[in-house]
Structures are given as C-alpha cells and as structure tokens.
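Enquirer: Starting off with a structure, shown below.
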Ligand SMILES: NC(=O)c1ccc[n+]([C@@H]2O[C@H](COP(=O)([O-])OP(=O)(O)OC[C@H]3O[C@@H](n4cnc5c(N)ncnc54)[C@H](O)[C@@H]3O)[C@@H](O)[C@H]2O)c1
C-alpha cells in the first residue's frame, strides 16, 4: 500500500508517517515548510523519518506541485497540511489560511478524483464548532467557527463533502480536538507553558484560565486515522478527542507537578477566536471506528515535557 501524507514535517503528519513507516508501508510525504514556526523543528521531526528507505519526501507546496504525478499509484491520501492557529488570520495574513487550507484542499481533492485512491482522510478541527451549543458536542451540533482558521477548516469540510457527493472521492473527515504529544507545535499552550516553567519565564494566562479543552494524545489521533483508512466507510465525519478535558489552570498545575517547579503566571485579557470550552462526544468514533483513546493527560504531558527539553536543549 502507498500513502500520501501531506504536512509530513508537521506535528501530526510526522507521527502518522512514522506509524506507517514502522509497519513497513510506502509513504510519500510532502511539506512546504511554512514559516508559521521555525523550520528547525520540522527538520528535527523529519530526521527520524528519513532513516526509512520507504519514505519519499518532497519539499513542495500543494498549490503548485505536480499532483497528478505524485498521486499516481497512491492508495490512501492523509491530508494533514494546513495553516493552523486560531489567534491569527484576522488581517492580510488571512491569505495564508485561504490558500494553504481552502485552495490547497480543493486542488488535492480535484486531482484525487480521477485516481484510484481508496480513501481520502481530511484532518479537520474542533474549531469548526466555535462555542458549541451542546456539551459534550456531537458531530450533529451546528458549526459556527469563531476564528478565520475555523472558517477555512469548515470550508474544507464542505469541499470534501461536495467532491464526495459529485465525484465519489472517498472522504472521511476527522475533527481533531487539541492534540498534544512529542515534537509539539511551539504555538500550542501546553508547549509554551512547558518551556516557560522549565526556564523560569512568565506564563501569560488569557482571561480567567478557566477555559477548557478536550485533549487528545497524538498516538490516539494516529490510531483513529489508521482505523478510518481500514474500515469500509466513507462520507462520514467523526470527532476525535481523547476522552479528557482540562482547564488552562489545570494544565499548568499538572506541568508544575511533572517539572517540579512553580509557574510564574500573569493574567492578560482573553483573545478573540478561541472557544470557551471544547468537549467532544466520541461515541460515533467508538462505534464506527472502534476508536478508544488510550493515553491520559498526565502521562501524555510527561512525554511533551521530555520532548521539549530534548529539542530546546533545556
Ligand atoms: N495540533 C492540533 O491540536 C490540531 C487540532 C485540530 C486540527 N488540527 C489539524 O491537523 C492538521 C495537522 O496540524 P499540526 O498541528 O500538525 O500542524 P503543523 O503546522 O505542525 O503541520 C502542518 C504542516 O503542513 C505544511 N503545509 C501547510 N500548507 C502546505 C501546503 N500548501 N503545501 C505543503 N505543505 C503545507 C506546513 O509546513 C506544516 O509542516 C492540520 O490540518 C490542522 O488544521 C490540528
């Protein structure tokens, strides 16, 4: 089997590629090294992937790459590439969200439609819900994103749906809820908090710190992705969460315990674009994907801290 993993040098894409390579599959990875955060971290993730001779890595942009050539003989597309982040995208930087999320996804779907691909997995986000009307939130809740990022991820979901309905592209949409794990994105709160506590720097808490997230360990996301590929289903949307929620304050407390140091904190005004709480109902994924998250918050954060120490040399 041959897999195309987009965003393969990114946080989640690199973990998915690693799992596939570990089990002996052929992987084409593509990434354009967006400068949203330093390339060095993406190179660091890639270093462990490039040891496998079954990886063909392409430094390229989905907006320009010769996708018909790349998709030739590919069985499964796992589309993780995106411009992430709910805090930016309000100004002219929206162009990056529009191009790397909406346009890149449309191009990939369009080029996939006349190939023999057996599944197209799209990495969506809890951000499509905004402040969800129900907690826990099912896939049927209304989608009212609060951030430009969420708007573009929702637009991508609609594109997946129209390419499925009109051309039979076998899509599955996985709505990821706050993903954490080794080699994390530097802009994620748990990475920022870990680095700050380790180095004795101040943490800015936006708002009252009581906002909460459903956290998902990255290997659980990989399990859900593998299952979505293997099961005989298409045209479905699934929440992929870790079965555990925590507030910003609780995350800081767990990190203090793991690191063995008190955090220095200061409250600053809340930011626009962020939901107050996210809390997924994962019963659909449990039933149809046999998805059962395995890694808890504290054990996962221990791995985050180890990885942050290793990469940043702390
Ligand atoms: N990390 C989370 O908590 C989280 C939560 C919800 C959804 N998601 C989704 O999961 C996916 C992976 O997120 P991540 O956290 O690994 O982000 P990431 O930024 O670490 O990885 C995305 C990668 O895609 C690459 N990329 C972006 N545009 C591209 C393009 N046009 N052509 C080629 N490569 C391109 C980037 O260079 C980057 O390396 C994204 O689709 C994101 O929206 C992530």
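Enquirer: Report the residue count in the range 205-261 for those that are modelled with pLDDT of 95 or more and under 20 Å from residue 289 (Cβ atoms).
Expert: Residues meeting the conditions: 29.
Enquirer: For residues in the range 265-276 being under 16 Å from residue 215 (Cα atoms) and within 18 Å of the chain's Cα centre (by Cα), which is surrounded by the fewest Cβ atoms within 10 Å (Cβ to Cβ)?
Expert: 274
Enquirer: Considering only the range 90-105, how many residues are over 18 Å from residue 158 (Cβ atoms) and in contact (Cβ under 8 Å) with a residue 24 or more places away in the chain?
Expert: Residues flagged as over 18 Å from residue 158 (Cβ atoms) and in contact (Cβ under 8 Å) with a residue 24 or more places away in the chain within the range 90-105 amount to 2.
Enquirer: For residues that are near the ligand (Cβ under 8 Å from one of its atoms) and crowded, with 22+ Cβ neighbours inside 10 Å, tally how many sit in the range 84-121.
Expert: Of the residues in that region, 4 qualify.
Enquirer: Return the total of residues in the range 41-74 being within 14 Å of the ligand (Cβ to nearest atom) and part of a loop (DSSP other than H, G, I, E, B).
Expert: So the answer is 7.
Enquirer: Now for a separate question. Among the numbered conditions (1) within 26 Å of residue 1 (Cα to Cα); (2) away from the ligand (no atom under 12 Å from the Cβ); (3) within 19 Å of the chain's Cα centre (by Cα), tell me where residue 148 comes up short.
Expert: It fails just one condition, (1).
Enquirer: For the range 152-187, how many residues meet the condition of being without any contact (Cβ under 8 Å) to a residue 24 or more places away in the chain and farther than 20 Å from residue 238 by Cβ?
Expert: 1
Enquirer: Filter the range 1-40 down to the residues that are exposed (fewer than 14 other Cβ atoms within 10 Å of the Cβ) and either on the phi > 0 side of the Ramachandran plot or in a loop (DSSP other than H, G, I, E, B) (or both) and list them by number.
Expert: Correct list: 1, 23, 24, 35, 38.
Enquirer: Then there's this: So residue 219 fits all but one of (1) closer than 22 Å to residue 46 by Cβ; (2) more than 15 Å from the chain's Cα centre (by Cα); what number is the exception?
Expert: Among (1) closer than 22 Å to residue 46 by Cβ; (2) more than 15 Å from the chain's Cα centre (by Cα), the lone unmet condition for residue 219 is (2).
Enquirer: Out of all the residues in the range 75-112, which are in a helix (DSSP H, G or I), touching a helix residue (DSSP H, G or I) at 6+ places or on another chain (Cβ under 8 Å) and over 20 Å from residue 178 (Cα atoms)?
Expert: Listed by number, the residues that qualify are 94, 98, 102, 105, 106, 107, 108, 109, 110, 111, 112.
The values are calculated or read from the model by the stated rules, or taken from the named source; none is laboratory data. As the structure is a prediction and not an experimental result, all values here were calculated from the model. Note: ideal-geometry Cβ built from the backbone for every residue, glycine included; neighbour counts use all protein chains shown.
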